[in-house]
Structures are given as C-alpha cells and as structure tokens.
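Notes follow the structure.
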Amino acid sequence: MAEMLRLKNLYIPTLKEDPADADIASHRLLLRSGMLRKTASGVYTFLPLGMRVLSKVENIVRQEMDATGAYEIMMPALQPSELWLESGRWDDYGPELMRLSDRHDRGFCLGPTHEELITALIRDELRSYKQLPLSLYQIQVKFRDEIRPRFGLLRSREFIMKDAYSFHDSQESLQKTYDDMSDAYGRICDRCALDWRAVEADSGQIGGKVTKEFMALAESGEAELVFCDCGYSANTEAGECLAHPTAHGEAELKKIETPGVHTIEDLAAFLDIPASSTVKALSGRDADDGLVVLFVPGTHEMNELKAQRAVPGFQLLTDEEMESFGLHKGSMGPVGLPDGARVIADTSLKGVPQWVVGANEEGFHYVGAAPGRDFMVDGWADLCVVQPGDACPECGCSLKGARGIEVSQVFQLGTKYSESMHATFLDKDGKEQPFIMGCYGVGITRMMAAIVEQHHDDAGIQWPLAVAPAHVCVIPLVVGDDEVQPKAEEIARACQRLGFEVAIDDRDERAGVKFADADLIGWPLQIIVGKRGLAEGKVEIKRRLTGERRDLQVDILPELLAFANRKMGNMNNGGVTIFSGMFDGEVQ
Ligand code: ATP
Ligand code: MG
C-alpha cells in the first residue's frame, strides 16, 4: 500500500496571491499550489507534490514506450562538442545550444536533444541488419537557452523530455515504428486527459521531412493550427496555404495617386476594395545577394520557412537596403522593378488576372496590373502562412483555426545523422548502408503544464485522476481531538485499502484555509470530516472537477468508493469520470 501523504510534514508552500511574473494559468497555479518554484529564468525546482505529478506523467510515457518495444537507457546531459561538429550542428544550432568547456579547454554542450550521442553510440557496435529495428529511449533533462523563456514549464531552459530514437534497414520498417510511436503518443495524450490533435509540422532544427506534432488545444498555446472536419490539421507554420485572392476587375494598367497609403488596410480602404483584391510585396536577397521580390495576397502573411524553401538563403531587406535598390516600402510592385530582380509569387495569385499593387513610386499604386502583360513572374510557390478560412488542401472546405501547445513531435530522420556521422551497418548482401533513423520527443514538463492549462478553474487545478498527486484528500476540520481526527484517519486508511492514493490534511489550520488549499492543489475528491457532521454520523464529499457535494452517512462511504474504484480499470480518459457516479445517486 502506498504511503499516506501527510500535509503537515509535506513541504507545500501554497500562495494566496498570484505571483507577479506568472503569466498563464499553469504557471500561476503550479507556483501557487506549492508544486513548483522558480530557481532562475526558465529553471525550476519541483516540490514534493509537483514531483509526484511529474513522476506520474513520466510513468504513463514510460509504459507506452515500453509497449512499443522500445528499451529505456540513460545518456549523459553533458555532450562532447566533437560529435556536434561531426553532424554540423555545432554551428547550425546557434545560441540556443548551452556551450561550456572543461578545465582542459575541451568543448562540451548541455544536450538540447540527443541525435548525435545516440548515433555515435550505435555506429561502432551495431553492425548487422539482423539486429534491426532497434528503438531506445530515455527520460532525461534537456537544456535549451531559449531566447524568451516564459510561461513557466511551457518554455523553460531546463526541462524534461522523453526522447526515443529508432534505427532501421528500410523505409517500411521506419514507417512502422513511426506509426507505432504516433499511436503511443495519442494514447499518452488520452491518458493525460488532454484534448489534442496531431498536426502536419515543420521539422525545424532536428531535420527530416516526414513529421507530426501533437498539440494540446489551449488558448495560451504558442502554436496556431488549422483543421478541417475531414480530419486534416496542420501547424500554420507548416500547412499548405490555399488562399482565395480576388481580382479587382480593371482591364487596363492604371496608375493611381495614393497619398499617405502605406499598408494593405490603407490601400483597401482608399480604393474601397476588399484586402483580398490587393497584393503585398516583400523584398529580399537570395543566397547570391540577388534582389528577389515575393508577392502574396494582401490578406496573408509570408511564411519564412516557405520563403526559404522557394528562395534558398532568402533574407528580407532592411529599410536602408530597400532604399539602396530604389524600392519604396509600402508602394512596391512588380511593374518597373530594378533590372535583374526576380519575381516569385504565391501560387494562389496564378488565378488573378489583374493585380492591385504598388507602383514602385512613393504615393502611387497600380490597378489592373496583368502578369504576363505588364510584368513577368519568374516562379510560383506556396509562400504564405495558412490561416482559418483558407481551403483545406484535402477536401477544399474552409479551414477552422485553433491554438495549441506542442507537447510532442515524431520525425522520420532518414539518413541525415547516419550519413554525416558515418553510422553504417551491413545489409543482407553484406553491403554497408547508413542507418535509416527516426526520433520521437515528448516534453514531459511541458505536458504537465498543458494538463493544467486544460484542467483548472478560478479556484485552482483540477487534476485528472491519472496524474493527480493523490486521488483523495481527507480533510479533518479539527485536529488533535479524540473524535474528528481519528475518524478522518480511519476513513483515509479505508480509502487506501480500496486502492486509492490518499492525502490527509492533518495541519492545524482553519477550515477555510484547508478548503482553499484543497481546491488550489486540485485533489480529484475531497472527504470532509467535521464535528457537526459526525454527530449525525455524516461526512461530506466534494468532487473537484464539478464542485458537486454530497452529505452522506459514513458507513456507505466504502461502498461508494468501491463503486468508483471498479471504474479505475478504464483510465483511457485520464480517469476524469471515476468519481462521477458517487454524486448522481447511482449508488445510494
Ligand atoms: P518549440 O517549437 O516549442 O520550441 P521544438 O519543436 O523545438 O519546440 P522538439 O525539438 O520537437 O521541440 O522537442 C520535443 C519536445 O520537447 C517538444 O514537443 C516539447 O514538448 C518539448 N520542448 C521543447 N522545447 C521546450 C522548452 N523550451 N521547454 C519545455 N519543453 C520543451
Ligand atoms: Mg518540435
């Protein structure tokens, strides 16, 4: 039987007031409930209750990883720079990599991720295709010197990640593990009671092309998503954009004086046309310092990643650089660009025969600018950030929008690391081949915060049973007497015998303080034992999720709890409904 949590001797420094710099619910509530303390910007200490929650999330992840056939290992956080020089990421990773040197001036970093280390581990000793596929994982601390650590555990500089890596001799084998890992990630989200979506994503620093992110839906999330009833969903950073620009039907090229017009809103208002009938220009340079001007519908933002893909090395011009090219910010257009300038336009503009654009002259715009007649387009590409209202690339319906917290991501790496780091095995024919790899990361600490983002109210956290620091908190309203406290202890032990994890608030505090803390900490079920109730043989139970209360005879409590306990077998939704039947009279 698990130990009972005795709040008197547990270090739970709860706070009545919101900490000043805690910006979102999870940050505020994890600090206030005495689960977490800030040590430095983006660096946190987990106190006993927070540690219990963290371990529970970790164990859910561990069980689901083990079920895929992956084996747990533990690599060091301290990684030699040589490995990162080999993969090329010592330079590519930039200032987010925490670098340091030892007393002999040898370079190291604190690992933000472990592709280099695991590739080096495998390459010398795994030689034969017969040992493949192989999946290894660890649950370990990671370091990233984030430019803006914020939102508590959501974006910290030291955090806990589960990272798994798989090695294969064929794409089919990688695909199978990738699918198994994706399924496991879905189950992890379900078991943590998250409302989630898997979305198309970009692979960022990690590399590879096929990748998916798992998003916990939350207004506080930094990621923007689009999704469709047909099942399609994407991170707006990555999703294909099918915008609907409209034509402003003016057959002739006509220059119009537009004094003081600098933005798309100004232009649309000045001409009294919708923004979708305007075209926005963005000037930049390519890898060879050539001038490139990108055109996108006035309603849309350029996507930097897509711009990079269409024009390798693309960098927006500064205001001074624009002037040196004779370009005018706010009135740029494709007609009359400097010689040699390349014009790349968003694919959606292909269907627009006349454009409303800048005239490359301060205070003037063109209407009726026709591609092919008045100017040439050198290339078409998907350039925009997709937004709600755009067409779904799979079914054409209008996309909806949401915000999310990226809790995990799966990647097919292919041979990116095995090639750069020369990690090979011998295939069936005795030929040397680079490993085909996948990697799979869950932000354990971020996940804990995401759960709070989705499960809280004004009074505090509402932990799903599966990750709660304990399932039940027994609250004796007086301690040290010979009636209430002994009865509370007896009830607590009975709960334990039934298989629940139990806390008892044995602190000598006022009832109001105990109630407020119990709601703040978020135990799923409270059992309140008071003198007045006991006189009638009664206690009160309260369900944190709904606030439902019920006075009941002490002697039917075991039966009610046994009823709840029988439902514990099904925890696919994180156990959020376990205690429901105790209040609705299902059991009298
Ligand atoms: P983000 O885009 O949010 O910076 P990422 O895509 O760089 O994250 P990955 O490299 O995919 O992150 O890492 C795997 C997981 O680690 C992420 O899905 C996320 O849950 C977690 N994670 C990444 N960075 C942080 C951080 N700064 N703080 C907490 N968790 C993080
Ligand atoms: Mg990611």
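In units of 2.2 N^0.38 Å, what is the alpha-carbon radius of gyration of region 251-377?
Cα Rg divided by the expected 2.2 N^0.38 Å: 0.98.
How much of the accessible area of the chain, in percent, comes from carbon and sulfur atoms when a 1.4 Å probe is used?
The computed percentage sits at 49.
Specify the angular offset, from 0 to 90 degrees and rounded to the nearest 10, of the alpha carbon long axis of helix 511-521 from the longest principal axis of the alpha carbons in the chain.
40
What is the set of long-range amide H partners of L217 at a cut-off below 5 Å, with H atoms built 1.01 Å from backbone N?
Placed amide hydrogens put D195, W196, R197, I405 under 5 Å from L217.
Relative contact order of region 42-156: what whole-number percent is it, with Cα pairs under 8 angstrom and at least 6 residues apart?
35
Translational diffusion coefficient of region 430-588 at 4 °C, 1.567 mPa s, Stokes-Einstein with Kirkwood Rh over Cα pairs, in µm²/s as a whole number.
Here the translational diffusion coefficient equals 76 µm²/s.
Filter K8/K538; K400/K542; K56/K531; K56/K416; K56/K542; K162/K209 down to the pairs with a C-alpha to C-alpha distance above 32 Å, please.
Check vs 32 Å cut-off fails for K400/K542; K56/K531; K56/K416.
For region 132-290, with every protein chain kept in place, what is the accessible area per residue (1.4 Å probe, Å²)?
Result: 43 Å² of accessible area for each residue.
For region 45-103, count the residues as N, evaluate 2.2 N^0.38 Å, and divide the Cα radius of gyration by that value, please.
Computed over Cα atoms of region 45-103, the ratio equals 1.62.
When each pair of different Cα atoms in the chain is counted once in the 1/r mean, what is the Kirkwood radius in angstroms, to one decimal?
27.6
Just want to confirm a number: the relative contact order over region 402-451, from Cα pairs under 8 angstrom separated by 6+ residues, in percent.
44
If I take every Cα pair under 8 Å that is 6 or more residues apart in the chain, average their sequence separation and divide by the length, what percent do I get for the relative contact order?
The value is 17 percent.
Please calculate how many Å² of accessible area region 40-117 carries per residue, with a 1.4 Å probe and no DNA, RNA or ligand atoms counted.
47
Could you pull out every one of the lysines with an alpha carbon less than 19 Å from that of K255, ignoring same-chain neighbours closer than 8 positions?
K280, K329
What ³J(HN,Hα) values, in whole Hz, does the Karplus curve 6.51 cos²θ - 1.76 cosθ + 1.60 give for region 249-265 when θ = phi - 60°, with x put for Gly and Pro?
x, 10, 5, 8, 6, 10, 8, 10, 6, 10, x, x, 8, 10, 10, 4, 4
The values are calculated or read from the model by the stated rules, or taken from the named source; none is laboratory data. Please read all numbers here as calculations on a predicted model, not as lab measurements. For accessibility, only protein heavy atoms count, side chains too; no ligands or nucleic acids. Shrake-Rupley method; radii C 1.70, N 1.55, O 1.52, S 1.80 Å.
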